[in-house]
Structures are given as C-alpha cells and as structure tokens.
Amino acid sequence: MHAIPKNPDLHCHSTVSDGWLSPTDVVQRAARNGVDFLALTDHDETGGLVEAQAAATESGIRLVPGVEVSVSWGGETIHVVGLGVDADNPVLQAGLIQLRAGRHTRAQQMSDALAALGIRGVLDGALTFARNPALVSRAHFARHLVAIGLMPNVDAVFKHYLVRGKPGFVETKWADLADAVQWIRAAGGVPVVAHPGRYRLSDIEMERLLARFVDAGGQGIEVVSGSHSDAKVSKFARYARRFDLLASRASDFHGEQESRVDLGRCAPLPDGVVPVWSRLIDRF
C-alpha cells in the first residue's frame, strides 16, 4: 500500500500543449511547492510524459500520466482529464491524433478571420509561442496579440477576439463525450470532468452532462480547481456525492503569468467526497 498523498495536484500543463514551462520545469516547480502526487495533463497530447517521469524520479515525487481531452457537448467545449493513462495505448493515441488534426485546421481559420480584420500574421506569431507546432491553441494566439501590444493581457484578448460571438472564434467539432471517456478507459485511465465551474451551463444542463458522463463510464469530477470559488467547490462536491463521482483536486496550472493558483496551492478537498487518488495511489 503506497502512502496517501499529502499534496496532490492532478491537472497541469507544459509547453507540449499551452503551458509556459517544459515538462521538467513543471515537475521541478511542483516538487519545490511540496506536491507529492502530480498529473501532467496536456491538451490532446501525451508527448511530455516521458520527460516528466524522468524529472519526477529525480525530484522524488510520484507522477500520474495524464491527458486532457477536448470534447464537444451541448454547444460547449468540455474538457475531460484522463488520469493514469497508458500513453502507448493505440485507442487513445488514435483519438488524440484526430483531435490534433482538428486543432491545426482551427488555427488556420482563426488566423484567416483575424487577418480579415487587418490583424495579419497571427498564426506565424502564435507559432513562436508554441513549442509543439501540432498543438497551437487560442492561448498561443492570445500571447502573440499581447506581445504585439494589441491587448494588455491574455484575458482581454479572449474577451475581445477569441470567445464565442467574437471575430476570432472558430467553432470546432471535438470528440464525442462517450468516445473521449472510452479512449481514456481503454488506456486504463480514470475519466474526470475538468474545471466544471468554467462551463456556461445551467444547473439542469450540468446535471444532464454529468448523467451522460456517468452513463458513458466517467468516474470523476474536479471539485477543487484553480478556477473554482469556495461556493463552486461546495457545489461540485454536492454533484460528486449525488452522481457517485470521485473528487479531484487540481490547479490547472499553465504558468505564473496566467494561472490563478500555483502548483500544489489549491484548497483541500471538502469532507464527504471520495478522493480520485484513492483509485490511483497503488498504481503510481
């Protein structure tokens, strides 16, 4: 029986997707912050896990291999984190390859839409911020637009250009919810709804999402997230109990420039929920 983690953080990003730090630097920062059970969960990509594992072994912390899968549901983009996945699983990798192809198409369409406004060369600029050219995201676009002085910060870029209804937003068809869950399960992972407080869903829509998620084989929900207020933590703890979902604790750290909460600095899980790491600690 492995030790119960004292400071788990089960959702963060590296330069393999839209984080600011390399996998090694993410792990080392987590270790300095006292994290003892860390999941690297890059968007639609597992390419940083080998490097992260080497750094975790050197730093003396336990790494949970993860991924964050992009899903289309009810007119929203939903993210499902897979914890404890086998990164070599062919079912998971085939799905992620499809999603990365969709990201490339979206990036070109976003650049074209912004060029029509007179903001040219945005894709090339975004690529200077993307260490992985197969995973150019809205965050990379936003960082470029801040760098050229168009907007003061990333949040302002999103608000004015990159969210639904704004000129740089491009509707994208991501994975089906059930497919994403099954890719993760096929790879031996635990599917977890990421940062549910960020979605523009009514309570009724959230209940429908969670019911569908559970029906598909989903197993967890981020009760504590870097983007959750105390009220949202309480709300999603209630949902975890109602839907018999495991509860996760996660910073969703991307870098100190853009993240509300540093690695390992989230609030603890509230009482009355079952931690998701109870299903993981004997494996990692």
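The values are calculated or read from the model by the stated rules, or taken from the named source; none is laboratory data. Everything quoted here is computed from the prediction, not taken from an experiment. Cβ: placed from backbone, ideal geometry, glycine included. Neighbour counts: every protein chain shown. With ligands, DNA and RNA removed, areas are computed over all heavy atoms of the protein, side chains included. Shrake-Rupley method; radii C 1.70, N 1.55, O 1.52, S 1.80 Å.
Under a Cβ-Cβ cut-off of 13 Å, what is the net charge of the residues other than GLY75 that fall near it, where Lys and Arg count +1 and Asp and Glu count -1?
Net of charged neighbours comes to +1.
Kirkwood hydrodynamic radius for region 174-252: how many Å is it when counted over pairs of different Cα atoms?
Computed over Cα pairs of region 174-252, the Kirkwood hydrodynamic radius comes out at 12.6 Å.
Within the set of other residues whose C-beta is less than 15 Å from the C-beta of PRO167, count the net charge using Lys and Arg as +1 and Asp and Glu as -1.
Charge balance in the 15 Å sphere: +4.
Within region 194-230, report the trypsin sites (Lys or Arg not before Pro) that DSSP leaves as loop and that have at most 10 other Cβ atoms within 10 Å.
Passing both the DSSP loop test and the Cβ count: ARG200.
In Å, what is the Rg of the alpha-carbon atoms in region 60-188, and how long is Dmax?
In order Rg, Dmax, the Cα atoms of region 60-188 give 16.2, 51 Å.
Cα gyration tensor of the chain, axes a ≥ b ≥ c as square roots of the eigenvalues: rounded (a/c below 1.5), prolate (a/b > b/c) or oblate?
prolate
One quarter of the convex hull surface, Cα atoms only: what value does that give for region 38-82 in nm²?
Hull-based average projected area comes out at 3.0 nm².
Tell me what the chain gives for mean residue ellipticity at 222 nm when only DSSP H runs of n ≥ 4 count, each as -39,500 (n - 2.57), the sum divided by the residue total, rounded to 500 deg cm²/dmol.
Calculated at 222 nm, the ellipticity per residue is -11000 deg cm²/dmol.
Divide, for region 1-134, the radius of gyration over alpha carbons by 2.2 N^0.38 Å, where N is the residue count.
1.18
Using square roots of five times the C-alpha gyration tensor eigenvalues, list the equivalent-ellipsoid semi-axes of region 212-252 in whole Å, biggest first.
18, 11, 7
On the first, second and third principal axes, largest extent first, how far apart are the outermost C-alpha atoms of region 206-284 in Å?
38, 31, 24
Relative contact order of the chain, please, whole-number percent, based on alpha carbon pairs below 8 angstrom and at least 6 residues apart.
Averaging sequence separation for qualifying contacts and normalising by length gives 21 percent for the chain.
Which of the trypsin sites (Lys or Arg not before Pro) found in region 46-135 are loop residues per DSSP with 15 or fewer other Cβ atoms within 10 Å of their Cβ?
Here the trypsin sites (Lys or Arg not before Pro) that fit, given the DSSP loop and packing criteria, are ARG120.
Nearest 10 degrees is fine. How inclined is helix 49-59 to the longest principal axis of the chain, computing both from alpha carbons?
The angle comes out near 50 degrees.
Probe of 1.4 angstrom, ligands and nucleic acids ignored: what's the accessible area per residue over region 103-212, in square angstrom?
Here the residues of region 103-212 average 47 Å² of exposed surface.
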